[in-house]
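Enquirer: Below you will find the structure I want to go over with you.
The values are calculated or read from the model by the stated rules, or taken from the named source; none is laboratory data. No experiment lies behind these values; they were computed from the predicted model shown. Every residue, glycine as well, gets a Cβ built from its backbone with ideal geometry; the counts of neighbours run over all protein chains shown. The area values use the complete protein model at the heavy-atom level, side chains included, leaving out ligands, DNA and RNA. Shrake-Rupley method; radii C 1.70, N 1.55, O 1.52, S 1.80 Å.
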Amino acid sequence: MELAGMDYFCDQVQQKDVGRRMQVGQELLEYLGDPARSTDLEQDQQRLDKVIDELTAWVNSSNFKVRL
């Protein structure tokens, strides 16, 4: 798998498929947990804000697995 960045996550967090959300959620946690991979976080605040807005929708999801 190629290295994912904020561009990738910005597109992926908009997915409606529960299985895909679960996979992207795990990938995002790994990305955020590795400072060497997440160097672009501070470069584009607008993209980061969009990802956070989409993740907020996940928290309000009716699917408990996505919510967690």
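Enquirer: For the range 4-43, which residues satisfy the criterion of being of a type in the set (Val, Ile, Thr) and in contact with a helix residue (DSSP H, G or I) (Cβ under 9 Å, 6 or more places away or on another chain)?
Expert: Within the range 4-43, Val13, Val18, Val24 meet the criteria.
Enquirer: Tally the residues that are polar (S, T, N, Q) and touching a residue at least 40 places away in the same chain (Cβ under 8 Å), restricting the search to the range 22-46. So that I can check it myself, show each step before the final result.
Expert: Of the range 22-46, the ones polar (S, T, N, Q) are 23, 26, 38-39, 43, 45-46.
Within this subset, residues satisfying the condition of being touching a residue at least 40 places away in the same chain (Cβ under 8 Å) are none.
Total satisfying the criteria: 0.
Enquirer: Of everything in the range 43-68, what is open to solvent by 100 Å² or more (accessible area, probe 1.4 Å), more than 14 Å from Gly5 (Cβ to Cβ) and either in a loop (DSSP other than H, G, I, E, B) or touching a Ser or Thr at 6+ places or on another chain (Cβ under 8 Å) (or both)? Give them in sequence order.
Expert: Matches in the range 43-68: Asn60, Ser62, Arg67, Leu68.
Enquirer: Right, next: Considering only residues that are in a helix (DSSP H, G or I), open to solvent by 30 Å² or more (accessible area, probe 1.4 Å) and more than 20 Å from Asn63 (Cα to Cα), which ones fall in the range 1-42? Even if it seems obvious, please write down each step before you answer.
Expert: If we filter the range 1-42 for residues that are in a helix (DSSP H, G or I), which is where we start, we get 6-12, 18-33.
Still in the list and also open to solvent by 30 Å² or more (accessible area, probe 1.4 Å): 7-8, 11-12, 18-20, 22-23, 26, 29-30, 32-33.
Correct list: Asp7, Tyr8, Asp11, Glu30, Leu32, Gly33.
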